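To start, the structure under review is shown below, and the notes come after it.
The values are calculated or read from the model by the stated rules, or taken from the named source; none is laboratory data. As the structure is a prediction and not an experimental result, all values here were calculated from the model. In this analysis, Cβ positions are derived from the backbone assuming ideal geometry, glycine residues included, and neighbour counts consider all displayed protein chains.
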Amino acid sequence: MTLAKTRSVSLVGVDGFVVDVEAAITSGMPGLHLVGLPDAALNEARDRVRAAIFNSGEDWPNRHVTVSLFPASLPKRGSTFDVAIAIALLAAAEAVPPRACEGLVLIGELGLDGRIRPIPGVLPAVLAAANAGCRTVVVPRANAAEAELVPGVQVICAATLRGLLCLLRDEPPPPEEEPDETATGPMDGLALGNRQDTSGLDLADVRGQAEARRALEISAAGGHHLFFAGPPGCGKTMLAERLQTLLPPLEADSALEVTAIHSVAGTLPPGRPLIVQPPFYAPHHTATRAAMVGGGSGRLLKPGAVSLAHRGILFLDEAPEFTGGTLDALRQPLEEGEVRISRAEGTARFPARFTLVLAANPCPCAAAKQVDCSCAPGIRRRYLSRISGPLLDRIDLKLELSPASRAELRYDLEFAETSDVVAERVLLARERTLKRLVDTPWRSNSEIPGPELRRRFTPGAEAMKAADDALQRGTLSARGLDRVLRVAWTIADLAGHEEPHPDDIGGALMLWSGRRP
Ligand SMILES: Nc1ncnc2c1ncn2[C@@H]1O[C@H](COP(=O)(O)OP(=O)(O)O)[C@@H](O)[C@H]1O
Ligand SMILES: [Mg+2]
Ligand SMILES: [Zn+2]
C-alpha cells in the first residue's frame, strides 16, 4: 500500500479549519473511492478530479484509490478540496515526489480541462492555514493577490494542474503558466493612507442643513446609528452618501476582517485585494431577508448586507418600503455585532458591526410639499411606524429635515465645510475616545456596553440633570439613557471636553428624541 497526504481548508462562514487529505493505493477493483465529503459534493469532486487529471496528460492510476478527508465531522462544502485531492492521489501513485507535497495546503477548484479555478474565501482560508502553523499554501492564480495579504505564509499560485505538477516535480513550467504581467501585487492594496475614490462626493456639495451635517459628524466620530426623515428632495440621500467621506481608513486588522468577508461573498474589487476604506453598502428595498442578514442554501453560505457593511455603513434608503421582516432581522446583528446562520452541518458566523443609516419620506405618495400630499391621515401615520419601535430605539440620532431654503441653496456655498475639514475633527475626536478606552475592547463610544457605561462613564450630577429630568418625566427610558450618554461622550470628544458638559447631554437628548430644537 502506498500513502500520501496533503491538506486543504474547510470554510464555515469566515472561519477556516485545516483538513487532512489522505490518499491510499491498495489492491482491489480499479476506481476512486472518496470518503469524508457529503454525497453530492463527493460525486462532483470525483468527476472533476478524474477529468482534470486525464486532461492534464497524466496517467490515471489503474488501481484502487481511496481518498479520505479528516476530520469527517467538519462541514465540507463546495469545491475547495479538488486540488488537494488530485495532488494527494497523484502522490500516492508516485507521479509526484511525496516530499514535495509534505506540509502543503492546497486550495482550489479544478475545471474539467485541468484549469485551477478561483474560489470565494481564499483570504480567510489562507489566514486559517497560517493560524494552524502551515507555512506554504497553493492557491489559484486568480486569487494570488488576496492570499499574499496574509503575513508569514509562502504563497504558490498555479493556473493549471499541469503547471502545479511541473512545479512540484521541479520541471520548467508549461508555456501557459508563464508569469502574468498584469497580475497585481499585494502592495497595491496596502496604501492605507489613501482615500478610496468615493466618486467625488463631498460634504460641501450639501448647502444649509447644518443640523444634518452635524449629525453626520457625530455619527462618524462615535459610530452612532442615524435616521433622516423629511420630504422628498430635501437631501436625505445626498447627506447619507457623504457619511463615508468623513470616516477614517480602516485599521490593519479591520481591513483584513472586512476583506475576508468580501472574499467569501465574491465582491472583492478586482486588482485591489485589500479593502482599506470602510464599506458603504446600500441594498435596495426589495432585498430579501437572506440578502439582508446572509444565508442561502447553495454550496456556500453568503454573507448578507449587514456583513458586507461590516466596519462601515449600511444605508437603507426609503426605509419604510423594506418589508417588515427584513428590517426586524436587523435587530439581532445590531445587538450582537455578528450574524450566525445555522444549517444541519453546523453554524456559520459572519461579523456584522456597522453604522445603520435610515432615510424615509413622511408618507408613501412622496409629495414634495405637504399641501400636495394625497394620503389619508391614517396612511400617513402608519407609514413611518413601519419602522418598528424596537428598531428606532436602537438609533441614537434622529432628525426631521426640511428642505434647504432658496437663500441657503443659493448663498451657502462658501460657508459649507468640505469633507476633509470635518474628517479631521472626526479623527481627533476618535483619538480622544481611543485614549479613554485604551484598556478596553471597544474602539468607539457606540460600542461601550450599558453596564460599563453606567459604571465607568457617568458624567457629574450637574451635567446629568437634563437626562434625569427626562427619566423622571418618563420621556426617556433606561435604554434610551444609555444611548444619550454614548452620544454625549461623542459630542464631548468632538468639542475636546474632558467629560460631557450639560450642553453636550442636552444636544444628545435632542438628537435621540428626534424633536426639533
Ligand atoms: N441642501 C441641499 N444642497 C444641495 N443640493 C440639494 C440639497 N437638497 C437637495 N438638493 C438637490 O436635490 C436633489 C435630491 O436630493 P436627495 O438627496 O435625493 O433628496 P431625498 O433623498 O431627500 O429625496 C439632490 O440631488 C440635489 O441636487
Ligand atoms: Mg432619497
Ligand atoms: Zn402623501
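Do we find a residue being at pLDDT below 95 and over 11 Å from the mean Cα position of the chain (by Cα) anywhere in the stretch 257-268?
yes
Determine whether the stretch 196-212 contains at least one residue that is touching a residue at least 12 places away in the same chain (Cβ under 8 Å), more than 16 Å from ligand 2 (Cβ to nearest atom) and farther than 30 Å from residue 361 by Cα. Quick ask: steps written out before the conclusion?
Within the stretch 196-212, the first condition is being touching a residue at least 12 places away in the same chain (Cβ under 8 Å), and the residues that meet it are 196, 198, 201-209, 211-212.
Checking the rest, the ones that are also more than 16 Å from ligand 2 (Cβ to nearest atom) come to 196, 198, 202-204, 207-208, 211.
If we keep only those that are farther than 30 Å from residue 361 by Cα as well, we get 196.
Yes: one or more hits.
Has the stretch 444-456 got at least one residue that is within 16 Å of ligand 1 (Cβ to nearest atom) and out of contact with any Leu (no Cβ under 6 Å at 6 or more places or on another chain)? Spell out how you get there, then give the answer.
Of the stretch 444-456, the ones within 16 Å of ligand 1 (Cβ to nearest atom) are none.
No, the conditions are met nowhere in the stretch 444-456.
Can you tell me how many residues within the stretch 133-154 are of a type outside the set (D, E, K, R) and either farther than 21 Å from residue 79 by Cα or not assigned by TED's automatic domain parsing to the domain that holds residue 167 (or both)? Before you say what the answer is, go through the steps one by one.
Of all residues in the stretch 133-154, those of a type outside the set (D, E, K, R) come to 133-134, 136-140, 142-145, 147, 149-154.
Remaining after also requiring either farther than 21 Å from residue 79 by Cα or not assigned by TED's automatic domain parsing to the domain that holds residue 167 (or both): 133, 149-154.
Of the residues in that region, 7 qualify.
Return the pair list, or none, for Cβ contacts closer than 7 Å from residues in the stretch 360-382 that are free of Cβ contacts under 8 Å to residues at least 24 places away in the same chain and closer than 21 Å to residue 284 by Cα to residues that are away from ligand 2 (no atom under 14 Å from the Cβ) and hydroxyl-bearing (Ser, Thr, Tyr), at least 6 apart or on different chains.
363/383; 365/374
In the set 372, 469, 439, which member is surrounded by fewer than 18 Cβ atoms within 10 Å (Cβ to Cβ) and in the same structural domain as residue 246 (by TED's automatic domain parsing)?
Values: 469 fails: in the same structural domain as residue 246 (by TED's automatic domain parsing); 439 fails: in the same structural domain as residue 246 (by TED's automatic domain parsing).
The unique qualifying residue is 372.
So for the stretch 344-351 (the condition being assigned by TED's automatic domain parsing to the domain that holds residue 223 and at pLDDT 95 or above), does at least one residue qualify? Walk me through how you get there before you give the answer.
Step one: filter the stretch 344-351 for residues assigned by TED's automatic domain parsing to the domain that holds residue 223, giving 344-351.
Keeping just the survivors that are at pLDDT 95 or above gives 351.
Yes, that holds for at least one residue.
With respect to residue 397, determine if the residue is within 16 Å of ligand 2 (Cβ to nearest atom) and in the same structural domain as residue 224 (by TED's automatic domain parsing).
So residue 397 fails the test.
Can you tell me which residues in the stretch 354-394 are away from ligand 2 (no atom under 16 Å from the Cβ), within 30 Å of residue 304 (Cα to Cα) and out of contact with any helix residue (DSSP H, G or I) (no Cβ under 8 Å at 6 or more places or on another chain)?
The answer is 382, 385, 389, 392.
Working carefully through the options 354, 322, 350, find the one that is within 16 Å of ligand 1 (Cβ to nearest atom) and within 24 Å of the chain's Cα centre (by Cα). Don't jump to the end; show me each part of the working.
Numbers: 354 fails: within 16 Å of ligand 1 (Cβ to nearest atom); 350 fails: within 16 Å of ligand 1 (Cβ to nearest atom).
Unique residue meeting the criteria: 322.
Within the stretch 357-390, can you find the residues that are more than 16 Å from ligand 1 (Cβ to nearest atom), part of a helix (DSSP H, G or I) and under 27 Å from residue 220 (Cβ atoms)?
Passing the criteria: 389, 390.
Considering every residue within the stretch 110-120, establish whether at least one is surrounded by fewer than 18 Cβ atoms within 10 Å (Cβ to Cβ), among the small types (Gly, Ala, Ser) and more than 24 Å from residue 148 (Cβ to Cβ).
No, the conditions are met nowhere in the stretch 110-120.
Condition first: modelled with pLDDT of 85 or more, surrounded by fewer than 15 Cβ atoms within 10 Å (Cβ to Cβ) and of a type in the set (S, T, N, Q). Now tell me which residues in the stretch 388-424 satisfy that.
Residues satisfying the conditions are 402, 418.
Taking the stretch 333-354 as the region of interest, how many residues are closer than 18 Å to residue 260 by Cα and part of a loop (DSSP other than H, G, I, E, B)?
Qualifying residue count for the region: 4.
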